[in-house]
Amino acid sequence: MGFRSFGTIRNVHQRTIEAPAHAVGALLDRLSSPDDPIWPTPDWPPMLLDRPLGVGADGGHGFVRYRVSSYEPGRRARFDFPPPKSGHHEFVVEPLGPERCRLRHTLELKRRGRRALGWALAVRWMHDTVVEELFDNAERAATGTATSPVRWSPWVRLLHRLTWERAAAGDLPAGARLARAAFERTDYSDSWRMTLRPGMPRDPESWRGVLRGATFPVVGREGGEVLLGEDAGHLDFRASILVDDCQVALSTVVRIHNWRGRWYWALVKRVHPFMARSMLRRTHRRLALTAPNAAERAQPELIPSGPEGS
């Protein structure tokens, strides 16, 4: 729930979990760690701190920045927003008995004018979903199941799609050795890349769907790179999908043979960048949404069998 009074937003979520407080508190202590079992990524931007969870750790998630101002291991973590913002958010674990506890998240933030409107129309809806998904993961990790998993409203789905990060342009990656060696002469090249979130696949074969609808044959594989392409009388092209621990890159190299190829590519290259970055972004989001959640990754035995858990 949440309300605004005199420009101050107060938003509180809480859930009773049928598990000891020390067990849920131990999950809270792993926030932002490489094996974080509760933050809902890759569906949402990961929480990243510049050091392990503790007072003074600085970071955030997505565009939201904060610093740990108070930390009681196994019980409480508070994050203060930096100036010019004024406010904080915090997690608290409260025991309710030997085998039951309450996990609570509180956000207090001053918002006025357009920022208050932005909160009411968009940010609040995504914030509420992130917190409830975090609670789902805490419940899964502590008990093996989430009794009432949060469901995304159509509005949250739309906001999620609209705010998903965009692919960034860059030079042909040094690691794209197959693409770099594809032709003796290259008449066109481009590259688009996106950061990989925790839990997203690192196998380049998983990313071949980025060229959805196309049936280009695989012409090479090496390390984290898959090279697809086709040769024609007017031009040859190769599409490289390169995946490492940090990012995925979709690169294209083209070799033109004659005037027909030059005429054809003069038309295609006007829409090619838009199509390439759109396909990469769409696949990036799809793979994030179908990846195992944080609790399942932390405890593989929680991953359901069959197509839904594959």
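Derivation of every value follows stated rules applied to the coordinates shown; laboratory data play no part. Source: prediction; values computed, not measured. Cβ: placed from backbone, ideal geometry, glycine included. Neighbour counts: every protein chain shown.
Tabulated values for the structure
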| item | result |
| --- | --- |
| When the convex hull of its Cα atoms is projected in every direction, mean area for segment 15-89 (nm²) | 5.5 nm² |
| Calculated SAXS-style log₁₀ I(q)/I(0) at q = 0.09, 0.19 Å⁻¹ - segment 175-293, Debye, Cα scatterers | -0.24, -1.01 |
| Dipole magnitude of segment 2-163, debye to nearest 20 (Cβ charges: Lys/Arg +1, Asp/Glu -1, about Cα centre) | 920 debye |
| Cut-off 11 Å between beta-carbons: net charge of the residues surrounding Asp50, Lys and Arg +1, Asp and Glu -1 | +1 |
| Relative intensity, log₁₀ I(q)/I(0), of segment 218-276 from a Debye sum that treats every alpha carbon as a point, q = 0.16 Å⁻¹ | -0.57 |
| For peptides 165-172, 187-194, 121-128, sequence by mean Cβ density within 10 Å, most packed first | 187-194, 121-128, 165-172 |
| Positive-pole candidate from Gly97, Gly220, Val254, dipole of the chain, charges at beta carbon | Val254 |
| Principal-axis tilt of helix 154-163 within the chain, Cα atoms, nearest 10 degrees | 60 degrees |
| Percent of Cα pairs exceeding the 31 Å cut-off, where the set is the chain | 42 percent |
| Helix-only CD estimate at 222 nm, as mean residue ellipticity for the chain, using -39500 (n - 2.57) per DSSP H run (n ≥ 4) | -8000 deg cm²/dmol |
| For peptides 251-260, 238-247, sequence by mean Cβ density within 10 Å, most packed first | 238-247, 251-260 |
| Debye intensity ratio I(q)/I(0), log10, segment 2-163, q values 0.13 Å⁻¹ (C-alpha model) | -0.62 |
| Using alpha-carbon coordinates, inclination of helix 259-268 to the longest axis of the chain, degrees | 20 degrees |
| Rounded, prolate or oblate (a/c below 1.5 giving rounded, otherwise prolate when a/b exceeds b/c) for segment 46-133 by Cα gyration tensor | oblate |
| Residue-by-residue Karplus 3J(HN,Hα) for segment 178-187, coefficients 6.51, -1.76, 1.60, Hz, glycine and proline x | 5, 5, 5, 9, 5, 10, 5, 10, 10, 8 |
| Residue with peak Gaussian network fluctuation, the chain [Cα springs, cutoff 10 Å], from Pro82, Pro154, Pro201 | Pro154 |
| Tilt relative to the chain, helix 124-143 - C-alpha long axis, 0 to 90 degrees, to 10 | 80 degrees |
